[in-house]
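The values are calculated or read from the model by the stated rules, or taken from the named source; none is laboratory data. The shown structure was predicted, so the numbers you read here are calculated from the model rather than taken from an experiment. So basically every Cβ, Gly included, is an ideal-geometry build from the backbone, and we count neighbours across all protein chains shown. The protein model used for the area step is the full one, side chains on, heavy atoms only, and it has no ligands, DNA or RNA in it. Shrake-Rupley method; radii C 1.70, N 1.55, O 1.52, S 1.80 Å.
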Amino acid sequence: MTTTAIFGSYVLSRQEGAQQVLRDHWVLIEGRRIAAITPDKPSAAEVFDRPGRFILPGLLNLHNHIFSEAIARTLTEDGNGRRNNRSIIYTVLLPLSKRGAEILSREERLAVARMGMLQLLKGGATTVMEPSRNAIPELFDAAEEMGIRFYGAPYVFSTSDAKAGPDGVVTYAGDDGQADMAIWNALHQRWHGQGDGRIRLAMSPHATDTCGPDLLRVAAHRARELDVPITIHMAQSPGELATIAERYDGRTPAEYLDWLGLLAPDLLAAHCHASTDADLKLMAARGAAVLNCPRVFARSGVTAAFSRFAAHGVRTAVGTDGYNMDLLGELNAAAIISKISSGNAEAASAPELIEAVTATAAALIKRPDLGALVTGATADLTVVDLTHPHLQPLFDPRRALVALANRANIDQVIVDGRVLVHDGRYLHGDEAAITAAGAAAIEKIWALPEAQAAFAG
Ligand SMILES: [Zn+2]
């Protein structure tokens, strides 16, 4: 069994259900478990004993899109592709990721997937949940190969070709998801439990306006049969609220899901910033969770404040939505956007945000072995180097992490006891080659006439 000992000037442990910052402790890893957290130097085959490190439980990024966001990268900032500030989800992201998956070879899709996994790991995540088109199964291959803990969430749609008309209303027609459910089941059969259990699936009806009642009932039933989480996009825009109200007797998206029995503790609903206060109260009462991705919406001038969900008592995690897959940067955005929108400096404190991507996120996917550095836990760790000049002098490591640190300060990323990133570099592949191959594949999609049209104006 491999043994590794890491010295932390600060170690974020846990006592009686609350965060506890230990000074000058060692974390001992034996195989895939945390064997001890101790002030005394343990003996181990591999020893990392440089001072100045902050050892955290591995961070969980529960909402990310490697493929679709790579297509939009540096093309949609400053309003491009938005035509009067509209959402780009149905006009750019969904159609181009569908078309892109078709024109790229398996090797090219794999290259994009590897580039994304590399970014996620270097962004501090040990676990990612990745809702994606089911035509990109290479995401599973890349996750298995590169060592991240992966919850693949291949979409099911009532229509596999969701598009919005000029009025913003999504066209709803198709086979009601039967083909997508069959693919989801096949991927579950192939991948769930692979990589020594690192690879799992989540049920992933795409959104409230692209999934009808029958499909949502079938998907929820299947998820509960298999005991996997359910994730969905919900209340992402005022247009979605209008569509759901018109189709389903004035219901809000939250009421629509509640009517179908989906609003429950196993539901992880991404975004929800267009929800009414009554919707958030209903979500809190049902135990459903919000996956808050504030930075991607800030890009388009939309406020998605962590503090608003927290203030309603909704269990809330933080994800990157594929945009700038830097979980530390996302926590910083969550803090600043919450403080501005609430007008309250105390909103979204550093411990609260760290909790969201550790213990809270682990609880949302029912993984008590993750999200806390305690003896016996699974050895997923994110280690940050606090010796950089912008992090000194240091009074409070948690505030330094959220207010001042970013992905360049990630020193080590360890998953299942295996060191994947060390000194900020990925150890098991050539970073430059992975990046070049992934970018070249995305540039092929950019060359499509429909891509050029989508990004114009
Ligand atoms: Zn999303």
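Taking amide H as placed 1.01 Å from N in the peptide plane, His233 has its amide H under 5 Å from the amide H of Ala207, Thr208, Ala270, each at least 5 places away in sequence or on another chain. Helical runs (DSSP H, four residues minimum) scored at -39500 (n - 2.57) apiece and divided by the length of the chain put the mean residue ellipticity at 222 nm at -10500 deg cm²/dmol. Packing around the peptides 316-322, 277-283, 339-345, 193-199, taken as the average count of other Cβ atoms within 10 Å per residue, puts them in this order, highest first: 316-322, 277-283, 193-199, 339-345.
Computed from phi, the 3J(HN,Hα) profile of the stretch 396-404 under the Karplus parametrisation 6.51, -1.76, 1.60 (θ = phi - 60°) reads 9, x, 5, 5, 4, 4, 7, 7, 10 Hz, with x in place of Gly and Pro. The distance separating the Cα centre of the stretch 1-72 from that of the stretch 278-355 comes to 25 Å. Heavy-atom accessible surface of His188, to the nearest 10 Å², is about 30 Å², with a 1.4 Å probe and all protein chains retained.
Between the alpha-carbon centres of the stretch 95-133 and the stretch 405-457 there is a gap of 9 Å. The angle separating the long axis of helix 178-191 from the principal Cα axis of greatest extent in the chain is about 20 degrees.
Accessible surface calculations at 1.4 Å, restricted to protein heavy atoms, place the chain at 37 Å² per residue. Around the amide H of Ala153, modelled in the peptide plane, lie the amide H atoms of Glu130, Ser132, Ala202, all under 5 Å away and 5 or more residues distant in sequence or on another chain. Angle of helix 106-122 to the longest C-alpha principal axis of the chain, folded into 0 to 90 degrees and rounded to 10: 50°. Here the accessible area is traced with a 1.4 Å probe on the protein chains. For the chain, carbon and sulfur cover 53 percent of it.
Exposed loop sites here mean GluC sites (Glu not before Pro) with a DSSP loop assignment and at most 14 other beta-carbon atoms within 10 Å; the chain contains its longest site-free run at 17-345.
With respect to the chain, whose longest principal axis is taken over its alpha-carbon atoms, helix 213-226 is tilted by about 30°.
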